[in-house]
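Worksheet: the structure to be examined is printed underneath.
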Amino acid sequence: DKVGDATNTISVNLAGVADAAGNAGVGTASSANYSVDTRDTSGPTATITLANTALIAGQTTTVSFRFNEPVTGFDASDIVLTDANGTLGALTPNAERTLWT
């Protein structure tokens with residue numbers, strides 16, 4: 001049925017069932033209203049890797065951010081460099097927007 005329908009219920013026609021003594025059911029039984037959440041609320045996850053993890057002053061390395069699903073709107077302002085002792089250049093996504101370097 002419709003995801004947001006106020007009348008989403010599951011019904012059973014009790015005439016089609018019987019108890020252990022053979023007594024047929026009467027009428028119907030219905031569930032309470034339910035909703036279907038079709039949104040993925042878990043959000044993306046990321047793995048961050050550095051091509052070189054032992055830099056000396058003045059050296060650079062490629063930093064890769066691999067996401068488990070395509071992302072949009074990712075830029076340097078989303079990255080916290082408080083303990084990084086360095087700077088980050090512009091981020092470039094792959095065509096699928098799952099790998100940003």
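All of the numbers you see were taken from the coordinates with simple rules; none came from a lab. Just so you know, these numbers come straight off a predicted model, no measurement behind them. Here Cβ is always computed from backbone atoms with ideal geometry, including for glycine, and neighbour counts include all displayed protein chains.
Quick notes on this one:
- Where the Cα pairs of the stretch 40-101 fall when distances are cut into 10 Å bins, in %: 19, 52, 24, 5, 0
- Label-point gap, in nm, between Leu14 and Ser35 - each point 7 angstrom along Cα→Cβ: 3.0
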